[in-house]
Structures are given as structure tokens and as C-alpha cells.
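Shown next, in C-alpha cells, is the structure this report addresses.
Every number here is computed from the coordinates shown, using simple stated rules; none is lab data. These figures come from a predicted structure and were not determined experimentally. No Cβ is skipped: glycine too gets one built from the backbone with ideal geometry, and neighbour counts run over all protein chains shown.
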Amino acid sequence: MQGHKRKVFIFLMILVMIPVFFVMHKAEANRTLKAQWIKDYIEGKDQINNKENILEIVLKDTNYTEWHDKKDKIGLNILKADLLGDSKKELLLTLFLAPKKSLIVVYQQENGDYKYVDILDEFFEIKEIQAIPIEKRGKDLIVVREFVDQMLGAFEKGNYIRGYLWQDGKFNMVISLIENYVAYWNESWDQAKKPNPLWLKIEEKSIIQWENGPYPVIKVLENQFFYQSKTANLKEMPEEEDYQLVNSKELVQTYYWNEKYQHFLIAEGKDVKTGESIGIIEDLSLSPFQLAGFEKNQYRIKRKNGKIEFVPKSQIIRTDKNNPLRKSEDFVI
């Protein structure tokens with residue numbers, strides 16, 4: 001089981017954490033991006049030279065100078081949004097550095113041009129970026145659809161929805177959801193050997209709907225599936241048609257924006273061990289790996305001091321509360 005426990009760990013951590021194999025870089029930035037460069041680049045004027053000028057500054061500001069001689073290979077996309085709550089439009093610059101490495105950087109207006117703020121985050125492959133207003137915060141939530149492909153290593157891949165908000169002088173991930181996910185493994189990899197090992201497959205497909213208003217609500221319909229290969233003792237991973245469905249389930253989860261914890265929650269609760277109130281971010285027992293017999297009876301919680309922890313579900317008493325009344329506008333990202 002040790003081999004697959006590692007797979008489960010990878011699945012959980014890739015959902016709830018920033019990809020750990022990237023190292024964050026931040027440098028003191030005294031340079032400026034000229035507003036004319038940005039305007040001309042967005043309008044398609046002299047894009048080669050303007051891109052060169054923009055990347056020259058951004059790579060220095062983020063301490064990514066090792067990419068200096070590869071600027072012609074870097075893709076660049078620019079989006080404007082109110083990220084800082086200052087009633088101005090900041091710049092979101094997405095740098096597509098390599099097939100499995102992308103970077104989002106934020107700049108703010110200053111004296112007519114733009115100054116470096118911070119790195120939003122680093123990603124595998126960015127599929128889409130949206131700015132969604134959170135009315136009660138007076139700023140935009142940045143939602144990134146990310147594709148993660150580790151089929152050459154961990155035998156898993158999927159699309160993830162990650163939302164970021166500017167809080168306390170930095171960008172924090174306040175929601176992370178699976179849009180779709182698939183993982184494969186062979187029973188022969190587990191410590192408890194089986195005489196005729198099968199290939200196993202876990203899959204999750206979700207429909208994600210936002211109800212946008214003063215307090216946004218996210219409803220997620222999850223369809224989870226567990227498959228086994230029809231044939232045992234295969235060294236190579238079989239084709240998709242060679243798997244048969246063993247078990248499946250459907251569940252609905254609702255996340256709402258909570259001002260107290262500055263995070264999307266599924267509920268509030270009380271920690272019986274400490275006596276303090278907490279916000280519940282995620283119920284790990286609802287993982288699709290539960291279909292394959294791997295239980296993870298934990299909550300991921302956020303404490304009032306901002307610390308995020310994993311705790312046993314038995315340690316938490318849920319005090320489910322409805323999100324505040326809101327004027328909703330439904331849309332799907």
C-alpha cells in the first residue's frame with residue numbers, strides 16, 4: 001500500500017497547495033513598465049519590440065534572469081483587473097516559459113506607468129484566466145484554470161480551478177477545485193503484493209457553477225469513478241477501453257465566501273481540542289480515492305490566525321451556516 005499512499009498524497013497536495021517543485025522568486029524592483037509599451041502590445045502594434053521591452057523588465061523584477069536569452073521563446077498575455085482594491089486596473093502578465101511552466105506577475109499603476117507588485121503564482125500549463133469581482137471586498141478574484149500533466153511520472157493529470165485574492169500584502173489562494181482528474185496505478189506497485197495485479201484507474205469530472213454577488217457561492221457537482229483493468233499481470237498501462245467500471249458516486253459540494261476567514265468554506269465549525277471556532281475548507285473523506293478503499297477522514301481547516309491545517313474529522317464539530325443573503329448572477333467558468 002505504500003506506493004499508492006504516495007499517489008494519494010500527491011493527489012491531495014496538488015489540489016490544496018501551490019506546486020512545490022517551483023521555487024518562488026522575488027527581487028527588489030525599481031524599474032517601470034511603460035504604459036505605452038503595454039497599450040501598443042495589447043493593440044498589436046510593434047509587438048516584437050514591445051514584448052522585448054516588457055520581458056526585459058519583468059524577468060529582472062521577478063529574478064527570472066536565466067530566461068533572458070530565451071525571450072523570443074516566451075509567450076506573453078496581458079489582462080487588466082482591479083486586484084488591489086484601489087479602484088484602478090492592475091496588470092496581470094502571464095509568461096508562458098515552457099510547456100509545463102508558466103508564471104503570472106502583477107504590476108500596479110504608478111505615475112502613469114506600472115511598477116512591480118508580486119508574483120501571483122507559478123503554474124504548469126495555464127488554460128484560462130478570469131477576473132471575478134467580489135463586491136464585499138471591492139476587488140477582483142483571479143481565477144486560473146490550470147492543466148497539470150504528470151503522466152510520465154506520477155501517472156496522473158487533470159484540470160484545476162484556482163482562485164487568488166490580494167490579502168495582507170500578498171496573493172493568497174482562497175479556493176482550489178478539481179474540474180477533471182484521472183490517475184492510474186498498478187497493484188504490483190503496492191507493498192501488499194497481489195498474485196494477479198490489475199491496473200486501477202480513478203477519475204473525477206466536475207461541473208462548477210458560480211453564483212456571483214456580494215458573497216460569491218460556488219456549487220460543484222462531482223462525478224467520481226473507479227475502474228479496474230479487465231486483464232491482470234499487464235506490465236504496460238492498458239488502453240482506455242480495457243478498463244471496466246467497478247464503482248461510482250455523485251456528490252454536490254457548496255463553497256461560500258466567508259469574510260471572517262477570508263476564504264471560501266464548505267462550513268464553519270468548532271475544534272473540540274482547542275475550543276476555538278474554525279473554517280472548514282475541504283472534506284478530504286470525499287476524495288475519489290475513497291472508492292478504491294483509501295480513507296482520509298480529515299478536514300482541511302483555517303484558523304482565525306490564518307493558519308491552515310489538516311485535522312481529524314472527529315476533532316471538529318460542524319456548525320453549518322448559510323451564506324449571507326445575496327443578489328445572485330449565475331454563470332459557469
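For n ≥ 4 DSSP H runs only, could you compute -39500 (n - 2.57) per run for the chain, divide by its residues and tell me the 222 nm figure to the nearest 500? Mind showing how you got there, number by number?
Details: 3 runs with 38 residues, N = 333.
Mean residue ellipticity, 222 nm, calculated: -3500 deg cm²/dmol.
Would you mind checking the pairs 139/170; 45/80; 101/296; 219/304; 170/304; 71/157 and listing those with alpha carbons more than 23 angstrom apart?
Going by Cα-Cα distance, 101/296; 219/304; 71/157 fall outside the 23 Å limit.
Skipping prolines and chain starts, which residues have an amide H placed within reach, meaning under 5 Å, of the one on residue 125, given they are 5 or more residues away or on another chain?
Excluding prolines and chain starts, which carry no amide H, the hits are 147.
Give the calculated FRET efficiency between residue 34 and residue 272 to the nearest 0.05, with a Förster radius of 35 Å applied to their Cβ-Cβ distance.
Numbers: r = 57 Å, r/R0 = 1.63.
It comes to 0.05.
Using the Kirkwood formula over every pair of different C-alpha atoms, what hydrodynamic radius in Å results for the chain?
On the way: mean 1/r = 0.0457 Å⁻¹.
It is 21.9 Å.
In nm, to one decimal, how far is the residue 128 label point from the residue 253 one, both placed 7 Å along Cα→Cβ?
Taking the simple label geometry, residue 128 and residue 253 are separated by 2.0 nm.
How big is the stretch 246-301 by the Kirkwood estimate over distinct Cα pairs, in Å? Mind showing how you got there, number by number?
Working: mean 1/r = 0.0783 Å⁻¹.
About 12.8 Å, per the Kirkwood formula over Cα pairs.
Can you tell me the Rg and the Dmax, both Å, for the Cα atoms in the stretch 210-296?
Rg, Dmax (Cα atoms, Å): 18.7, 55.
Rounded to whole Å and sorted largest first, list the principal axis extents of the Cα atoms in the stretch 55-127.
35, 24, 16
Highest first, please rank the peptides 276-284, 303-311, 105-113 by the mean number of other Cβ atoms sitting within 10 Å of their residues. Numbers along the way, then the final one.
Working: 276-284: 20.4, 303-311: 12.9, 105-113: 15.9.
Final packing ranking: 276-284, 105-113, 303-311.
State the Kirkwood hydrodynamic radius of the stretch 163-321 in Å, one decimal place, computed from all pairs of distinct Cα atoms. Mind showing how you got there, number by number?
Values: mean 1/r = 0.0561 Å⁻¹.
Computed over the stretch 163-321, the radius equals 17.8 Å.
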